[in-house]
Amino acid sequence: MHRLRPLYNPLLLVSRRAGAKPWGRCISCTLRFNHANPADFNSFVARTKTCGELRSAHVGQEVTLCGWIQFQRQGQFVVLRDFQGLTQIIIPQDEDASHLKKVLCNAPVESVVRVTGTVVSRPPGQNNPRMPTGDIEVKAEAAEVLNSCKKLPFEVKDFIKKNESLRMQYRYLDLRSVQMQYNLRLRSQMVMRMREYLCNHYGFVDIETPTLFKKTPGGAKEFVVPSREAGKFYSLPQSPQQFKQLLMVGGLDRYFQVARCYRDEGSKPDRQPEFTQIDIEMSFVDQAGIQALIEGLLQYSWPEEKGPIAAPFPSISYAEALAIYGTDKPDTRFGMKIVDVSDVFRNVEVRFLQKSLSEPHGTVKAICLPQGAKYLQNKDLESLNGLANSQFNQGIIHFILREDGAMKSQLSKLLNEKQELEFIRAVHAHVNDVVLLAAGEHEKVCLTLGKLRLESADLLEARGLLLRDPSAFHFLWVMDFPLFLRKEESPGELESAHHPFTAPHPSDEHLLYTEPAKVRGQHYDLVLNGSEIGGGSIRIHNAKQQRFILERVLKEDTKVLFHLLEALDCGAPPHGGIALGLDRLICLLVGAPSIRDVIAFPKSFKGRDLMSNAPDYVAPEELEPYHVQVLWPLAQAKADTS
């Protein structure tokens with residue numbers, strides 16, 4: 001198996017030496033650049049070497065380096081930085097070299113310079129083993145400031161804390177940081193390897209699909225784009241879903257694309273208005289085929305320094321995920337699973353418990369927080385109870401297993417010795433563990449405890465209890481989702497759980513025409529460490545079935561999808577696919593707190609480009625060709641936002 005090979009990055013060493021703490025995981029190793037020879041980096045440019053490639057073997061050679069001034073020290077040397085590393089430049093102190101000293105010492109930090117000199121060994125005892133170039137230095141013979149740098153709004157050093165909005169406002173400076181360089185280069189290499197795997201090994205065709213389309217039903221809210229035809233608008237597609245299916249109808253057989261996608265929704269740490277997917281579709285494939293392809297793709301493109309990943313990935317049904325973890329994207333790096341304790345409390349004379357158990361889908365469930373009594377305070381438990389109430393309108397009771405083996409709780413007196421022992425065994429509690437118990441409707445209880453499971457893990461880890469290995473990557477397939485969900489605003493109506501083109505599970509197909517709410521879909525999600533990084537399905541390739549779902553189940557106007565329905569009627573092959581969220585995947589790989597840290601020019605949390613101040617106003621005369629008129633005076637709008 002071909003893997004990305006690690007490269008020792010000197011820039012990271014400088015950051016660590018200065019006290020930097022990289023995000024989440026150790027990044028002491030980084031990427032080797034695409035199997036290229038170092039000489040390739042110096043082709044076509046005004047340098048002979050990069051700042052990261054010089055070693056003792058180069059002693060005596062004359063070299064020309066280009067880069068940014070990282071440090072200046074006492075008029076004796078400067079440290080030059082480029083994308084590959086650092087090199088120390090020695091400034092001759094003799095009078096004949098006074099012009100060199102003036103050029104290099106008067107240039108502000110972060111100025112761009114070109115230096116020509118001879119590679120020499122560092123004096124005995126002055127080697128820096130923490131730098132790959134630490135055995136040598138370059139004795140300057142000529143230097144030129146290519147561009148001087150003004151005083152910057154922040155220092156370009158990873159160990160300097162910078163406000164995120166300031167980083168985004170001056171993104172071109174933030175991109176110089178070691179972390180951003182690492183993130184974007186790793187992203188580039190993974191995409192390159194994915195292309196190689198799909199195209200060269202399995203015959204996929206890389207096809208670009210339009211980003212100006214028409215508004216169609218289902219899924220997330222789309223951006224609209226005015227056209228020069230009065231009253232008519234384009235839409236920016238939330239994904240290439242319809243195009244990829246049409247490519248299968250067209251006989252392309254295997255398609256992929258590094259696809260730009262758009263959603264007019266609020267930003268979150270793992271979402272922004274524009275994002276990138278690795279979009280894949282295949283003909284004559286089933287669910288197992290898609291899963292095997294993706295597992296191989298990730299193994300092939302996975303960075304070696306992150307450790308190997310084993311396939312096949314484990315899988316779990318949606319129903320099991322909800323019952324055990326309280327979510328459809330479980331973080332399986334730690335336990336604290338939800339346990340059904342209904343049988344334990346079935347004969348406990350507590351009104352709210354008996355009321356819950358008498359309901360059709362009533363249940364009593366619990367989670368055990370290891371060493372919760374040792375690491376959590378009363379205010380933490382009150383906070384968890386408040387969260388359950390505010391988000392789910394669900395009450396929580398907590399138990400503490402004392403050192404004498406007894407349970408401490410407001411319900412303790414109502415449990416006899418046998419019931420208490422059964423409860424302790426059921427939740428696998430130990431001394432100083434805290435157990436959270438909830439009673440009510442099954443789904444609501446599961447969602448509540450699923451949320452508390454994650455919140456509790458964060459609290460415990462913040463207090464020093466390690467639950468999740470920060471270097472671990474746990475993949476999980478979640479399968480057998482419901483094909484439809486009831487609308488929150490109108491429970492009598494159904495909406496697609498994934499999208500309206502997902503095929504029903506073969507075992508449930510007969511229910512489609514009688515009890516559609518009970519139908520499972522051939523929809524599968526790929527989860528990594530509790531985040532969904534991919535989702536796909538086997539598609540409906542029968543026009544009659546697709547029309548029935550759109551018209552009869554979802555109550556959609558099929559006129560806007562006439563092109564797809566007509567295509568399905570023209571000999572569409574069975575097909576299916578998946579889309580991997582590239583931004584989320586890279587974000588998890590590098591341990592970044594947000595996908596904004598793995599995108600070169602991201603939008604802010606509110607969807608704004610803080611660097612260019614977009615979106616911005618457009619003059620009324622520029623809107624005229626698009627037949628668009630702002631409903632309030634432009635001057636007033638500007639005044640309102642000032």
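Take the residues in the stretch 507-529 that are outside any strand (DSSP E or B) and charged (D, E, K, R); name whichever of them is surrounded by the most Cβ atoms within 10 Å (Cβ to Cβ).
By that ranking, first place goes to ASP508.
For the stretch 399-415, does any single residue satisfy the condition of being under 30 Å from SER531 (Cα atoms) and open to solvent by 30 Å² or more (accessible area, probe 1.4 Å)?
The answer is no, given that none of the residues of the stretch 399-415 is under 30 Å from SER531 (Cα atoms) and open to solvent by 30 Å² or more (accessible area, probe 1.4 Å).
How many of the residues in the stretch 311-351 are touching a strand residue (DSSP E or B) at 6+ places or on another chain (Cβ under 7 Å) and not in a loop (DSSP other than H, G, I, E, B)?
Qualifying residue count for the region: 9.
If you scan the stretch 104-122, which residues turn out to be surrounded by fewer than 19 Cβ atoms within 10 Å (Cβ to Cβ) and of a type in the set (D, E, K, R)?
ARG114, ARG122
Out of the residues in the stretch 455-473 meeting the condition of being open to solvent by 60 Å² or more (accessible area, probe 1.4 Å) and either among the basic types (Lys, Arg) or within 27 Å of SER412 (Cβ to Cβ) (or both), tell me which one is modelled with the highest pLDDT.
So the residue we want is GLU455.
Run ARG351 past the list (1) free of Cβ contacts under 8 Å to residues at least 24 places away in the same chain; (2) in contact with a Ser or Thr (Cβ under 8 Å, 6 or more places away or on another chain) and report the number of the one that doesn't hold.
Unmet for ARG351, out of (1) free of Cβ contacts under 8 Å to residues at least 24 places away in the same chain; (2) in contact with a Ser or Thr (Cβ under 8 Å, 6 or more places away or on another chain): (2).
Would you check which residues across the stretch 430-487 are part of a loop (DSSP other than H, G, I, E, B) and under 30 Å from PRO506 (Cβ atoms) and list them?
Correct list: HIS474, ASP480, PHE481, LEU483, LYS487.
Can ASN432 be described as closer than 24 Å to GLU461 by Cα and free of Cβ contacts under 8 Å to residues at least 12 places away in the same chain?
In short, no.
Just give me the residues in the stretch 293-313 being within 22 Å of ASP253 (Cβ to Cβ) and surrounded by fewer than 14 Cβ atoms within 10 Å (Cβ to Cβ), in sequence order.
Matches in the stretch 293-313: none.
Residues to consider are LYS603, LYS559; find the one that is open to solvent by 20 Å² or more (accessible area, probe 1.4 Å), within 25 Å of MET194 (Cβ to Cβ) and modelled with pLDDT under 95.
LYS603
Hey, could you check the stretch 314-369 for residues that are under 35 Å from the mean Cα position of the chain (by Cα) and among the hydroxyl-bearing types (Ser, Thr, Tyr) and say which is surrounded by the most Cβ atoms within 10 Å (Cβ to Cβ)?
TYR325
Can you name the residue in the stretch 606-627 that is over 13 Å from GLU274 (Cα atoms) and under 24 Å from the mean Cα position of the chain (by Cα) and, of all such residues, is least open to solvent (accessible area, probe 1.4 Å)?
Only one residue fits best here, namely ALA614.
Looking at ASP433 and the list (1) of a type outside the set (Val, Ile, Thr); (2) at pLDDT below 95; (3) over 32 Å from the mean Cα position of the chain (by Cα), which single condition is not satisfied?
(2)
How many residues does the stretch 132-148 contain that are open to solvent by 20 Å² or more (accessible area, probe 1.4 Å) and part of a loop (DSSP other than H, G, I, E, B)?
So the count comes out to 3.
Within the set of pairs 6 or more residues apart or between chains, which connect a residue that is closer than 14 Å to ASP609 by Cα inside the stretch 163-178 to a residue that is open to solvent by less than 60 Å² (accessible area, probe 1.4 Å) and hydroxyl-bearing (Ser, Thr, Tyr) with Cβ atoms less than 9 Å apart?
Matching pairs, first to second residue: GLU164/SER594; GLU164/SER604; SER165/SER604; ARG167/SER177; MET168/SER604.
List pairs: first residue in the stretch 603-625 and assigned to a helix (DSSP H, G or I), second residue β-branched (Val, Ile, Thr) anywhere in the structure, Cβ distance under 9 angstrom, at least six positions apart or on different chains.
Pairs that qualify, where the first residue is assigned to a helix (DSSP H, G or I) and the partner is β-branched (Val, Ile, Thr), are PRO620/VAL630; LEU623/VAL630.
Are there any pairs, at least 6 apart or on different chains, whose C-beta atoms fall under 8 Å, with the first in the stretch 557-574 and within 15 Å of ALA503 (Cα to Cα) and the second β-branched (Val, Ile, Thr) and open to solvent by less than 90 Å² (accessible area, probe 1.4 Å), and if so, which?
Going by the 8 Å Cβ cut-off, the qualifying pairs are LEU565/THR558; LEU568/VAL249; LEU568/ILE540; ALA572/VAL249; PRO573/VAL249; PRO574/VAL285; PRO574/ILE538.
For the stretch 242-282, which positions are of a type in the set (D, E, K, R) and either open to solvent by 10 Å² or more (accessible area, probe 1.4 Å) or free of Cβ contacts under 8 Å to residues at least 40 places away in the same chain (or both)?
ASP253, ARG254, ARG260, ARG263, ASP264, GLU265, LYS268, ASP270, ARG271, GLU274
Checking LEU421 against (1) open to solvent by 70 Å² or more (accessible area, probe 1.4 Å); (2) part of a loop (DSSP other than H, G, I, E, B); (3) of a type in the set (A, V, I, L, M), which test does it fail?
Against the list (1) open to solvent by 70 Å² or more (accessible area, probe 1.4 Å); (2) part of a loop (DSSP other than H, G, I, E, B); (3) of a type in the set (A, V, I, L, M), LEU421 comes up short only on (2).
Can you find even one residue in the stretch 89-106 that is in contact with an Asp or Glu (Cβ under 6 Å, 6 or more places away or on another chain) and closer than 16 Å to VAL145 by Cβ?
Scanning the stretch 89-106, I find no residue that is in contact with an Asp or Glu (Cβ under 6 Å, 6 or more places away or on another chain) and closer than 16 Å to VAL145 by Cβ, so the answer is no.
Taking the stretch 149-166 on its own, how many of its residues are open to solvent by less than 60 Å² (accessible area, probe 1.4 Å) and in contact with a Gly (Cβ under 6 Å, 6 or more places away or on another chain)?
Result for the stretch 149-166: 0.
Could you count how many residues in the stretch 491-506 are of a type in the set (Asp, Glu) and either open to solvent by less than 20 Å² (accessible area, probe 1.4 Å) or not in a strand (DSSP E or B) (or both)?
1
The values are calculated or read from the model by the stated rules, or taken from the named source; none is laboratory data. In this text, all values refer to a predicted model and were calculated from it rather than measured experimentally. Because the Cβ atoms are built from the backbone with ideal geometry, glycine has one as well, and the counts that use them run over all protein chains shown. The area values use the complete protein model at the heavy-atom level, side chains included, leaving out ligands, DNA and RNA. Shrake-Rupley method; radii C 1.70, N 1.55, O 1.52, S 1.80 Å.
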